[in-house]
Amino acid sequence: MKVSVRVRGEWFTVPCTVSSATVRYIGEEALRRYCKIKPESSHVSGREEKIYQIRKTKGGALLDPDDPVNAVLDDNDFVSVVLETDKPNPVTAPAEIHYVPEQVPGKFKGSSEFMTLDGYNLSPEDLVKLGKGLYKIRLSVDSQARVNRARELLETILKENKVAYGVNTGFGKFANTVISDRNIIELQVNLIRSHSAGVGQPLTPEKTRMLMALRINVLAKGFSGISLNTLQSVVNAFNASCLPWVPEKGTVGASGDLAPLSHLALGLIGEGKMWSPESGWAEAKYVLESHNLKPISLGPKEGIALLNGTQLITSIGAEALHRATVIAKQADVVAALSLEVLKGTTRAFDGDIQKVRPHRGQSQVAKRLRSLLHSDTHPSEMAESHRFCNRVQDAYTLRCCPQVHGIVHDTIEFVRDIITTEMNSATDNPLVFVERDEIISGGNFHGEYPAKALDYLAIAVHELGSMSERRTERLINPSLSGLPAFLVNEGGLNSGFMMAHCTAAALVSENKVLCHPASVDSLPTSAGTEDHVSMGGFAARKALIVVENVERVIAIELLAACQALEFIRPLKTTAPLEAMYAVVREQVKPLDKDRFMAPDMDAVTEILKENKVWLAVRPFMERYFMEQGVETRPNSPTTSSTHHGVQVNGGKKRRRSSTNSNGHGVDGFVINAIIEEDHGCVEECGHKNGNGKMMPPAAKVARSLYAVEE
């Protein structure tokens with residue numbers, strides 16, 4: 001049995017040849033070996049080192065020094081030793097030990113399933129799944145053939161002593177400097193080392209996996225000139241979850257994301273830091289070797305092939321896009337519940353209103369709201385309870401949901417088209433075109449496309465939060481909702497949702513600043529050679545922050561709307577909204593008095609991130625679209641459909657061709673009149689016309705009510 005033990009970043013293999021070996025033994029033996037080699041980077045001459053703690057590297061579990069090794073560790077297990085001198089001064093340094101445990105303890109589980117990449121068919125949702133470690137990667141047969149053909153052409157050009165940018169020339173300002181054959185490999189290594197100049201926190205394991213997977217997909221197109229062996233080495237590192245240290249800051253988005261992709265490549269050639277679930281952070285060379293992998297030995301052009309492209313912008317953008325898609329659909333559902341508890345009307349979502357302004361997203365949201373709110377398919381006791389109220393129309397954040405949420409959905413689809421195209425595009429420079437026997441220098445590395453799209457995405461998704469925060473204000477404000485102030489009993493003693501709303505307001509205000517477009521800025525780099533850049537890296541990062549903030553704002557609205565529902569009980573809302581309420585109540589109980597609210601907000605945010613609200617209501621929406629042939633148009637003050645004090649109320653429907661008030665033909669439905677006088681007795685009346693169809697009595701009904709087909 002042997003154990004890998006880390007002391008200040010240095011790894012030592014400690015054999016345990018006797019069964020009585022203890023944890024203390026392997027720690028002291030590793031320390032002895034550390035002091036023997038005296039590494040210049042961390043060893044202090046003349047200082048006696050003592051062990052403070054011994055922990056499992058994976059998860060950071062503290063080990064008892066007296067425990068037998070074979071009782072608490074497995075063969076080839078990983079252990080980290082913390083020395084007394086590793087503990088910082090609590091006054092001058094952070095109050096934690098110099099130890100980096102597994103970044104995602106207990107969450108990451110390797111997959112045995114594979115996703116095949118060919119450079120042409122990767123979707124944002126697929127990339128997110130790869131980031132979560134749900135799949136390993138294999139290259140398609142066609143992509144392997146394309147990669148081999150491109151590499152053969154590149155090697156032929158080199159043998160013919162032709163000059164090609166980035167292959168046997170310098171880079172950027174040095175593009176006209178020809179590099180001799182003996183220095184071609186050094187050129188590629190120097191490029192990676194010099195360009196690894198990013199700063200900031202490292203990308204999370206999920207984001208690094210997405211970055212690696214997307215770079216693999218682009219290289220698989222076969223326009224980069226990389227060798228198949230090198231590309232397969234990147235795939236192997238991904239499949240082993242050996243993830244280089246990639247700082248999140250440092251790219252200007254042209255020539256591509258040079259700094260972050262250089263850090264990615266640096267780890268793959270065995271330099272810098274690398275992380276795996278088994279080893280934690282350590283020297284890249286050791287992490288690769290511990291997974292039976294070898295550092296990549298670069299060939300001509302392979303350095304620039306690994307680091308030239310827009311994959312940081314696009315991978316982070318793909319995550320932002322995916323999460324925006326998930327939260328935007330659920331924002332519609334949450335808005336429906338807010339409208340319900342605020343006793344709003346569905347008349348503003350009438351199909352005819354959407355037809356005369358036929359934006360796709362607007363019509364989609366209105367139809368979605370109709371499927372969630374009071375209808376013949378999904379009746380609501382709450383809606384029935386205020387049918388005859390005096391309110392003429394609702395506030396904009398309720399009434400204009402189709403118009404505002406609709407453009408968000410349309411923008412998301414616009415961004416999806418650009419991001420998906422970018423994910424499956426060759427963004428290297430130069431590009432190898434086998435059919436033309438030519439290597440051409442171009443500008444596909446410029447990140448303006450994803451940068452602009454992600455600025456649009458941030459602006460659009462922000463509006464969901466802006467609308468949501470105002471609806472939360474209406475829910476907690478007794479003068480607007482008719483409910484207890486801040487949705488809590490014994491106000492004054494209890495503050496209820498007072499501060500939760502403040503958090504929503506703070507996040508919305510933060511998003512307003514983050515929505516300033518990054519892509520409108522440009523600073524020339526590389527001595528003026530790269531005289532216009534996209535700033536797409538920041539566009540992507542802030543777009544994701546905006547989406548994260550909106551997730552939390554809508555979570556607060558959902559919590560508030562469910563709490564408001566408690567004050568309207570025992571009345572029931574529609575079946576889909578009750579299903580959403582049940583999902584929330586599985587995690588968060590009603591607020592009967594003040595309590596620590598942050599965990600509730602976190603729990604509901606996770607519900608939204610995991611798409612649970614949408615999954616809960618979707619079967620009910622599908623039933624509505626299958627069964628509800630026409631819109632239900634309950635009477636409302638907005639119809640002004642009264643005659644001699646008699647109000648017409650929606651009931652059964654019959655099909656009849658007609659023309660609406662704007663002159664547009666509709667295949668309508670005549671409503672059998674349900675007459676209710678003075679909120680008293682109700683009777684159903686009507687008569688048959690010559691065709692045997694039921695018609696409302698002309699003497700009592702001023703005009704027919706129609707419902708268009710769903």
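The table below gives the values:
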item: Simple label model, 7 Å out from Cα along Cβ direction - A395 to K609, nm; result: 2.9 nm
item: FRET efficiency for T156 and D531, using Cβ-Cβ distance with R0 set to 22 Å, rounded to 0.05; result: 0.05
item: Folded to 0 to 90 degrees: helix 205-219 orientation relative to the chain principal axis, Cα; result: 80 degrees
item: Hz values of 3J(HN,Hα) by residue in segment 233-240 - Karplus curve (6.51, -1.76, 1.60), Gly and Pro given as x; result: 5, 5, 4, 5, 5, 4, 5, 8
item: Under the Debye formula (equal points on every Cα, no solvent term), log10 I(q)/I(0) of segment 326-405 at q = 0.13, 0.14, 0.25 Å⁻¹; result: -0.37, -0.42, -1.31
item: Residues of type aspartates and glutamates that K173 reaches as a straight line, Cα spacing below 14 Å, ignoring anything fewer than 8 places off in the same chain; result: E530, D531
item: Relative contact order (percent, whole number), the chain, Cα cutoff 8 Å, 6+ residue spacing; result: 12 percent
item: Calculated from backbone phi, Karplus (6.51, -1.76, 1.60) coupling profile of segment 414-425 in Hz, x at Gly/Pro; result: 4, 5, 4, 4, 5, 5, 5, 4, 5, 4, 10, 10
item: Gain upon complete extension [T13, N477; 0.36 nm per residue less C-alpha separation]; result: 160.6 nm
item: Label-point separation, H359 to T116 (7 Å along Cα→Cβ), nm; result: 4.2 nm
item: Whether segment 372-440 is rounded, prolate or oblate, judged on the alpha carbon gyration tensor where a/c under 1.5 counts as rounded; result: prolate
item: Cα-based helix-to-principal-axis angle, 184-195 vs the chain, degrees rounded to 10; result: 50 degrees
item: The chain: angle of helix 258-268 to the longest principal axis, Cα-based, in degrees nearest 10; result: 60 degrees
item: Entry for Cα extents along the principal axes in Å (calculated from the structure that is shown) out of (i) 112, 58, 36; (ii) 102, 68, 43; (iii) 98, 71, 54; result: (ii)
item: Net lengthening on full extension, D602/E289 (0.36 nm per residue, minus Cα-Cα); result: 108.7 nm
item: Heavy-atom accessible surface of the chain: percent carbon and sulfur, 1.4 Å; result: 51 percent
item: The chain, helix-only ellipticity at 222 nm - DSSP H runs n ≥ 4, -39,500 (n - 2.57), divided by all residues, nearest 500; result: -14000 deg cm²/dmol
item: For segment 565-576, 3J(HN,Hα) per residue [Karplus equation, 6.51 cos²θ - 1.76 cosθ + 1.60, θ = phi - 60°, Hz, x = Gly/Pro]; result: 4, 4, 8, 10, 4, x, 4, 9, 8, 6, 4, x
item: Gain in span if fully extended, E381 to N489, counting 0.36 nm per residue against the direct Cα distance; result: 36.5 nm
item: Within the chain: Cβ-based charge dipole about Cα centre, in debye rounded to nearest 20 (Lys, Arg +1; Asp, Glu -1); result: 860 debye
item: Of K58/K129; K129/K285; K2/K301; K36/K132; K36/K294; K343/K589, those spanning more than 30 Å from alpha-carbon to alpha-carbon; result: K2/K301; K36/K132
item: For E248, residues with placed amide H under 5 Å, excluding near neighbours; result: Q201, L203
item: Equivalent-ellipsoid semi-axes of segment 164-298, from the Cα gyration tensor, Å, largest first; result: 24, 17, 14
item: Surface accessible to a 1.4 Å probe, per residue, for the residues of the chain, Å²; result: 44 Å²
item: FRET efficiency estimate (nearest 0.05) - Cβ-Cβ, N229 to R618, R0 41 angstrom; result: 0.35
item: Distant-in-sequence amide H partners of T116 (H built 1.01 Å from N, under 5 Å); result: R138
item: Amide H contacts under 5 Å for E10, placed H, 5+ residues apart; result: none
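The values are calculated or read from the model by the stated rules, or taken from the named source; none is laboratory data. Computed from a prediction, not measured in an experiment: that's the story for all the values here. Every residue, glycine as well, gets a Cβ built from its backbone with ideal geometry; the counts of neighbours run over all protein chains shown. The area values use the complete protein model at the heavy-atom level, side chains included, leaving out ligands, DNA and RNA. Shrake-Rupley method; radii C 1.70, N 1.55, O 1.52, S 1.80 Å.
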